[in-house]
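J.: I'd like to ask some things about the structure below.
Every number in this text was worked out from the coordinates using simple rules, so none of it is lab data. For clarity, every value in this text was computed on a predicted model and none was experimentally measured. A quick note on method: Cβ atoms are made from the backbone with ideal geometry, for glycine too, and the neighbour counts reach across all protein chains shown.
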Amino acid sequence: MIQTHLVLHDNIPGCDFFKWHEVLYLNQWQICMYPNVEEATNLIKISQKLDWIRKYFGRPIKITSGIRPRIYNMMPSVGGAKKSAHMTGEALDFTVLGIDSDTVRAQIEPMLSHLEIRMENLFNSNWTHIDIKPPMKSGRFFTP
């Protein structure tokens with residue numbers, strides 16, 4: 001059950017490494033967004049997937065983008081897709097300390113089905129995007 005009051009510095013349920021403030025922080029506005037119950041449930045699911053990835057790499061991970069309200073997602077400086085999974089708390093963008101994002105994506109790609117996640121194929125980007133949306137016709141590794 002999701003608490004109606006989240007404590008920003010508490011670990012996300014089921015996560016050893018990630019706290020609520022990391023997935024709720026809106027960098028452009030320098031504030032945290034408080035999710036509704038459905039969004040919080042989604043954030044827990046995707047954060048648990050990222051927690052597994054953190055254990056796999058054995059290195060710190062920085063979340064660069066978590067949940068986004070629609071108006072924030074539409075900002076040119078954010079560049080979110082019209083139907084971005086970030087708006088429902090189903091996506092996270094991140095970097096792994098000391099490993100370039102192309103290498104991260106290459107190592108995660110074979111595990112996408114096992115983890116039940118999708119990942120954007122963004123060669124040369126400086127972040128990795130994962131989400132818990134159902135696979136597309138093109139599969140779990142997709143070009144946005």
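J.: I'd like to verify a number: residues in segment 16-54 that are free of Cβ contacts under 8 Å to residues at least 40 places away in the same chain, among the polar types (S, T, N, Q) and in contact with a strand residue (DSSP E or B) (Cβ under 8 Å, 6 or more places away or on another chain), how many?
T.: Number of matching residues: 1.
J.: Ok, one more. Does residue 108 count as of a type outside the set (Asp, Glu) and surrounded by 18 or more Cβ atoms within 10 Å (Cβ to Cβ)?
T.: Taking the combined requirement at face value, the residue satisfies it.
Rundown of residues vs (1) of a type in the set (D, E, K, R); (2) touching a Cys at 6+ places or on another chain (Cβ under 8 Å); (3) farther than 25 Å from residue 83 by Cβ, yes/no style:
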{"residue": "13", "(1), (2), (3)": "no, no, yes"}
{"residue": "29", "(1), (2), (3)": "no, no, no"}
{"residue": "45", "(1), (2), (3)": "yes, no, no"}
{"residue": "57", "(1), (2), (3)": "no, no, yes"}
{"residue": "61", "(1), (2), (3)": "no, no, yes"}
{"residue": "70", "(1), (2), (3)": "yes, no, no"}
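J.: Can you give me the number of residues within segment 98-128 that are touching a helix residue (DSSP H, G or I) at 6+ places or on another chain (Cβ under 9 Å) and under 22 Å from residue 44 (Cα atoms)?
T.: 11
J.: State yes or no: is residue 116 within 14 Å of the chain's Cα centre (by Cα), acidic (Asp, Glu) and surrounded by fewer than 19 Cβ atoms within 10 Å (Cβ to Cβ)? Let's see the steps before the verdict.
T.: Numbers: within 14 Å of the chain's Cα centre (by Cα): yes; acidic (Asp, Glu): yes; surrounded by fewer than 19 Cβ atoms within 10 Å (Cβ to Cβ): yes.
Answer is yes for this residue.
J.: May I pose another question? Please give the helices (runs of 4 or more DSSP H) falling wholly within segment 24-117 in which 1 or more residues are in contact with an Asp or Glu (Cβ under 6 Å, 6 or more places away or on another chain).
T.: Numbers: elements: 37-57, 70-73, 101-108, 112-115.
In segment 24-117, the matching helices (runs of 4 or more DSSP H) lie at 37-57.
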